[in-house]
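Comments concern the structure below.
The values are calculated or read from the model by the stated rules, or taken from the named source; none is laboratory data. Please read all numbers here as calculations on a predicted model, not as lab measurements. FYI the Cβ positions are ideal-geometry reconstructions off the backbone, even for glycines, and counts take in every protein chain you see.
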Amino acid sequence: MCQRHGLNVQVVETPWGHGIPADDYAEILKSDTNHEIKAVLATHNETATGVKSDIAAVRAALDAADHPALLFVDGVSSIASMDFRFDEWGVDVAVTGSQKGFMLPAGLAIVGFSEKAVVATDTADLPRTFFDIKDMQKGYDNSAFPYTPPVGLMNGLKLALEMILDEGIDNVVARHTRIATGVRLAVEAWGLELCAVSPDVYSDTVSAICTPEGFNATDIVTHAADVYGVAFGVGLGEVAGKVFRIGHLGSLTDVMMLSGLATAEMCMVDLGLDIKLGSGVAAAQEYYRTNPAASQKDAA
């Protein structure tokens, strides 16, 4: 997208299943002595692979190089579900959406700006129309909205925020970690592996599960939808047909997650994979039973 706007973009490649290579960022930033780089972009939680990245390490790379570039973070599938520290990590612009941790239909882009980023808009000359922070601020100053407001979604967002605050953000984050841990134990019981290569990059909102070589993982997704009326995610890009994805975020409880794991097991057995019915569910049940949440009803 940045390239479509005519920007000069330096892409830092990393294998699928790995997190952001902060050391590579550090080297690039140190070598940019003229400070030609104006912004560093990072994805906190990558949904295609179920991988989270260390945003604090990216900030540390910027600070170590004494580099003034802005830090832009994609927090679409992490904010309001996983630990995200805008101020502590020195994030300048963070974006998320209404359809993930905020438990709403898609349609709202939710963006946070640091004071540094707001000041930068005074000299930014990239053409922009649909979303201009200055247009938004003029609307806010008049208790209004610069365009036709999505009233239904905004009312829904108000309620979602009340639910999150009532549960407590620390409890929300802990609940996602608990439920994700149960999913990971189920995957282990099935004898399968995650696309994410190590525990330090495991996502707490989505797990991409690798299927045996030669098996089309997309068949699990279509079978679940056609036979059981359950929606899993397909593999994307380089992992298309190699993984299926289980989302575990938002308005979710242990029992709700167990039903999804049971469905995944039935699909895999239906399609001939060597999976024992109940094995993953039992592993998750044991974990949930012995590690109770602070509250289940608040998440339902």
- Item | Failed item in (1) under 27 Å from Leu249 (Cβ atoms); (2) in contact with a helix residue (DSSP H, G or I) (Cβ under 8 Å, 6 or more places away or on another chain); (3) assigned by TED's automatic domain parsing to the domain that holds Val76, with Cys195 passing the rest | (3)
- Filter result (within 17 Å of Phe86 (Cα to Cα) and crowded, with 23+ Cβ neighbours inside 10 Å) within region 43-55: His44, Asn45, Lys52, Ser53, Ile55
- Message: Tell me yes or no: at least one residue of region 166-178 is within 17 Å of the chain's Cα centre (by Cα), hydroxyl-bearing (Ser, Thr, Tyr) and surrounded by fewer than 20 Cβ atoms within 10 Å (Cβ to Cβ).
- Response: yes
- Being within 10 Å of Thr49 (Cα to Cα), hydrophobic (A, V, I, L, M, F, W, C) and at pLDDT 95 or above narrows Ile220, Ile209 down to just Ile209
- Task: Tell me which residues, restricted to region 190-220, are surrounded by fewer than 21 Cβ atoms within 10 Å (Cβ to Cβ), in contact with a strand residue (DSSP E or B) (Cβ under 6 Å, 6 or more places away or on another chain) and among the hydrophobic types (A, V, I, L, M, F, W, C).
- Result: Leu192, Cys210
- Ala224 vs. criteria part of a helix (DSSP H, G or I) and either crowded, with 20+ Cβ neighbours inside 10 Å or not assigned by TED's automatic domain parsing to the domain that holds Gly101 (or both): yes
- Query: So which residues in region 44-78 are in contact (Cβ under 8 Å) with a residue 24 or more places away in the chain and among the acidic types (Asp, Glu), if there are any at all?
  - Reply: Glu46, Asp54, Asp63, Asp74
- Task: Scan region 257-279 for residues that are hydrophobic (A, V, I, L, M, F, W, C), surrounded by 15 or more Cβ atoms within 10 Å (Cβ to Cβ) and assigned to a helix (DSSP H, G or I) and jot them down.
- Result: Met257, Leu258, Leu261, Ala262, Ala264, Met266, Cys267, Met268
- Neighbours by Cβ (under 9 Å, 6+ apart or cross-chain): first from region 213-224, of a type in the set (Asp, Glu); second assigned to a loop (DSSP other than H, G, I, E, B) and modelled with pLDDT of 95 or more: Glu213/Lys242; Asp219/Thr211; Asp219/Gly241; Asp219/Leu271
- Query: How about region 205-230: which of its residues are touching an Asp or Glu at 6+ places or on another chain (Cβ under 7 Å) and closer than 18 Å to Trp16 by Cβ?
  - Reply: Cys210
- Counting only residues that are among the hydrophobic types (A, V, I, L, M, F, W, C), at negative phi, part of a loop (DSSP other than H, G, I, E, B) and surrounded by 20 or more Cβ atoms within 10 Å (Cβ to Cβ), how many does region 56-81 have? 3
- Message: Please go through region 128-157 and give me each residue that is of a type outside the set (Gly, Ala, Ser) and in contact (Cβ under 8 Å) with a residue 24 or more places away in the chain, ordered by number.
- Response: Pro150, Leu153, Met154, Leu157
- When Glu36 is evaluated against the numbered criteria (1) farther than 16 Å from Leu70 by Cβ; (2) in a loop (DSSP other than H, G, I, E, B), which criterion, by number, is the only one it fails? (1)
- Do we find that Ala80 is in the same structural domain as Val118 (by TED's automatic domain parsing) and closer than 13 Å to Val91 by Cβ in this structure? no
